[in-house]
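Okay, structure first, notes after.
The values are calculated or read from the model by the stated rules, or taken from the named source; none is laboratory data. Quantities reported herein were computed from a predicted structural model and do not represent experimental measurements. Every residue, glycine as well, gets a Cβ built from its backbone with ideal geometry; the counts of neighbours run over all protein chains shown. Only protein heavy atoms, including side chains, enter the accessible area calculation; ligands, DNA and RNA are left aside. Shrake-Rupley method; radii C 1.70, N 1.55, O 1.52, S 1.80 Å.
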Amino acid sequence: EGGVALSAAEAAAVKEATIRVAASTAEFDAIAKGETEAEARTHTLPDGRVITTGKEPLVCAESLFQPKLAGVDRAGVVEEAYHSVMSCLAEHRRPLLE
């Protein structure tokens, strides 16, 4: 959302930081409803630049499950995984779903 152009190394560092600060669905819902604010956190990129994130880590992670949050008209990762399994031969489905 902040519009920062990142190199591959910087993107990897942001990904790692996102994993560390990802919040629960309840926290995301509270922020989305305006009941609370996302805590601003600063992160240092490999080149020494410092960026500040607010709700971006939440939106990024939640967009995997609810792509419409990012303006994408597709199914989320759970539904896509299910459809992928269902496209397999019937005898392979049970082990994949267990």
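Given contacts defined as C-alpha pairs under 8 Å and at least six residues apart, what's the relative contact order of the chain, whole-number percent?
For the chain, the relative contact order is 18 percent.
Can you give the accessible area per residue of the chain, in Å², using a 1.4 Å probe?
That works out to 73 Å² for each residue.
For the full complex of protein chains and a 1.4 angstrom probe, list 88, 60 by accessible area with the highest value first.
Output order, biggest surface exposure first: 60, 88.
Quick one: how many Å² of residue 42 are accessible to a 1.4 Å probe, rounded to 10?
For residue 42, solvent-accessible area is about 100 Å².
Run the paramagnetic zone check for residue 80: 7 angstrom along Cα to Cβ, then residues of the range 24-67 with backbone nitrogen under 15 Å.
So the set is 60-67.
Where a Cα-Cα gap under 19 Å defines reach, which lysines qualify for residue 15, not counting those fewer than 8 residues away within the same chain?
Result set, ordered by chain and number: 55.
Percent of accessible area on the chain owned by carbon and sulfur, 1.4 Å probe?
Percent of accessible area from carbon and sulfur atoms in the chain: 55.
Using protein chains only and a probe of 1.4 angstrom, how many square angstrom of residue 27 are accessible, to the nearest 10?
100
Which of 54, 76, 34 moves the most in a Gaussian network model of the chain with Cα springs under 10 Å?
Result: 34 has the largest fluctuation of those listed.
Over 10 Å intervals from 0, what percent of Cα-Cα pairs in the chain sits in each interval?
Taking all Cα pairs of the chain, the binned fractions are 14, 34, 29, 17, 6, 0 percent.
Count the net charge of all other residues whose Cβ sits under 13 Å from the Cβ of residue 65, scoring Lys and Arg as +1 and Asp and Glu as -1.
-2
What residue among 78, 59, 14 has the largest mean-square fluctuation in a Gaussian network model of the chain, using Cα springs under 10 Å?
Comparing 78, 59, 14 in a Gaussian network model of the chain, the most mobile one is 78.
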